[in-house]
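A.B. asks: Below you will find the structure I want to go over with you.
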Amino acid sequence: MKKDVSKGFVNVVFIVLGMLTFLTMTVGPAAAKDKIRIGCAIALSGMNAVPARVSQVTEYKLWAEQTNAKGGVYVKKYGKKLAVELVFYDDNSNIETCTKMVEKLIVQEKVDLMLPPWGTAFNFAVAPLVSKYGYIMIGSTVSSAKWKELSVKAPYLFIILNQPQKQGKAVTELLQDVGVKSVAIVYVADLFGLEHSGVVAPLIGQTSIEIAMLKSYPLGADDLSPLIKRIMAKKVDAVLAYSYPDSTFLLTKQMIALNYSPNLLFFGVGQHYPDYRESFGSKTVEGIMGLGAWNPKVPASGARDFFNAYVKRWGKEPPRWGEASSFAACQIMEQAILKAGTLDQKKLRQVIASETFPTVIGQVKFVEGTNPNYPGDVGQWQSGEYEIVAPKIKRTAEPIYPKPKWPSRK
């Protein structure tokens, strides 16, 4: 009988020890957490690789390096600073691959936070997914008139970039302000081009400005000279091209070759890159305008510091639009963690949805998931700097009109 009691006691001890071991194994890693793992499925290869690297990857890396240099992000729950680790997955510039990679980062890698992919279409594709798993994401390369419709189904995606309705209004007011009488609007045939042209054309249509052409061109087109010649035949004052970087560079190159220089030339994405200025030369790009603008002169905390740090780290100037917002998105996540004291996604979302955050693009407070207070809606190259020329209240320089003709080629 005593042996049975002793044996039973020993069994109970082993069971208790086993339970303690199990609890130690399951609870231990959280208590011993030493880093914040941040996932990002983004184009590291394919047609989107260059804009993804320029607009997001370099800014994310700079923020992570700066954050780790100061010891990491303090998380009250763990009572210490945690280093940040970026976990990049290559989506190969493919939307289907991107959604798979996002799910893998969340379900298998179990990352603590997520950063977005590049481009409006990709962000829209993953928005329901991150909301399904309850992961916050701050999109810095998302611009869409349809966001309000999607936001109800994707409450965990916040958009920090300026949006088409506001930009379309700024462009229209600028055209009126400088005295444009006629305009040609061309756009890349995808979500970005369709939405932006679909917003600006009706707004311009409400003015006395004549819309002489409204035409799309194929994504990835390698020769746009026929389109340019059709524009030339219209003899318009202004050309608005809602373009991606590849066609922005191509249109510029072919317009120069055809010696076509309208009084106002406006592009969608890519003209704000310092590489664009360097490729064609400061005198050549003088007066060229584009969608969205930021520069180190904006009245924002740390704007000049970000500019200088970027130059020091990468040996070149930062682009002058959404790139600063990619850095700002990371600043917002960091501040949200400090305020929430945890990495819990629901609590972080509550903070991001309700608080105001000082960033390199200014004070950010999301309203219905978007940031209404972007530094500039239209930029223009002037003497080597991409100045903010619209809206009027945020100008860092008066607009140049008409745009100078192309420098003579010898």
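The values are calculated or read from the model by the stated rules, or taken from the named source; none is laboratory data. For clarity, every value in this text was computed on a predicted model and none was experimentally measured. Neighbour counts run over all protein chains shown; Cβ positions are idealised from the backbone, glycine included.
A.B. asks: Specify the residue that is farthest from residue 264 (Cα to Cα); the eligible residues are those in the stretch 348-382 that are crowded, with 16+ Cβ neighbours inside 10 Å and charged (D, E, K, R).
C.D. replies: Out of the qualifying residues, it is 349.
A.B. asks: Here are 216, 243: which of them is in contact (Cβ under 8 Å) with a residue 40 or more places away in the chain and touching a strand residue (DSSP E or B) at 6+ places or on another chain (Cβ under 9 Å)?
C.D. replies: 243
A.B. asks: I need every pair where a residue in the stretch 179-202 that is under 23 Å from residue 401 (Cα atoms) has its Cβ under 6 Å from the Cβ of a residue that is of a type in the set (Lys, Arg), sequence separation at least 6 or different chains.
C.D. replies: These pairs meet every condition: 184/234; 186/215.
A.B. asks: Let me ask something else. For residues in the stretch 173-210 being of a type in the set (Val, Ile, Thr) and farther than 13 Å from residue 268 by Cα, which is nearest to the chain's Cα centre (by Cα)?
C.D. replies: First, the residues of the stretch 173-210 that are of a type in the set (Val, Ile, Thr): 178, 180, 183, 185-186, 188, 199-200, 204, 207, 209.
If we keep only those that are farther than 13 Å from residue 268 by Cα too, we end up with 178, 180, 183, 199, 204, 207, 209.
Numbers: 178: 29, 180: 30, 183: 28, 199: 20, 204: 27, 207: 31, 209: 31 Å.
In this case the residue turns out to be 199.
A.B. asks: So which helices (runs of 4 or more DSSP H) stay within the stretch 1-118 end to end and still have 2 or more residues that are modelled with pLDDT of 90 or more and under 24 Å from residue 246 (Cβ atoms)?
C.D. replies: The helices (runs of 4 or more DSSP H) meeting that bar are 49-52, 58-69, 95-107.
A.B. asks: When only residues in the stretch 119-136 that are of a type in the set (Phe, Trp, Tyr) and under 17 Å from the mean Cα position of the chain (by Cα) count, which is modelled with the highest pLDDT?
C.D. replies: Looking at the filtered set, the residue picked out is 122.
A.B. asks: Any idea which residue in the stretch 144-160 is farthest from residue 395 (Cα to Cα), counting only those that are touching a residue at least 60 places away in the same chain (Cβ under 8 Å) and in contact with a Phe, Trp or Tyr (Cβ under 7 Å, 6 or more places away or on another chain)?
C.D. replies: 156
A.B. asks: Sticking with this structure for a sec: Taking only the stretch 258-300 into account, find how many residues are free of Cβ contacts under 8 Å to residues at least 60 places away in the same chain and in contact with a strand residue (DSSP E or B) (Cβ under 8 Å, 6 or more places away or on another chain).
C.D. replies: 1
A.B. asks: May I ask you to list the residues in the stretch 251-261 that are under 10 Å from residue 406 (Cα atoms) and either assigned to a loop (DSSP other than H, G, I, E, B) or of a type in the set (Phe, Trp, Tyr) (or both)?
C.D. replies: Within the stretch 251-261, 259, 260, 261 qualify.
A.B. asks: Here's a follow-up. Out of 197, 208, report the one residue that is among the polar types (S, T, N, Q), surrounded by fewer than 16 Cβ atoms within 10 Å (Cβ to Cβ) and assigned by TED's automatic domain parsing to the domain that holds residue 237.
C.D. replies: 208
A.B. asks: Within the stretch 172-189, take every residue that is polar (S, T, N, Q) and surrounded by fewer than 23 Cβ atoms within 10 Å (Cβ to Cβ) and give me the one that is farthest from residue 379 (Cα to Cα).
C.D. replies: Taking the stretch 172-189 as the starting set, the residues that turn out to be polar (S, T, N, Q) are 172, 176, 182.
Of the ones still in play, those that are also surrounded by fewer than 23 Cβ atoms within 10 Å (Cβ to Cβ) are 176, 182.
On the way: 176: 16, 182: 20 Å.
That would be 182.
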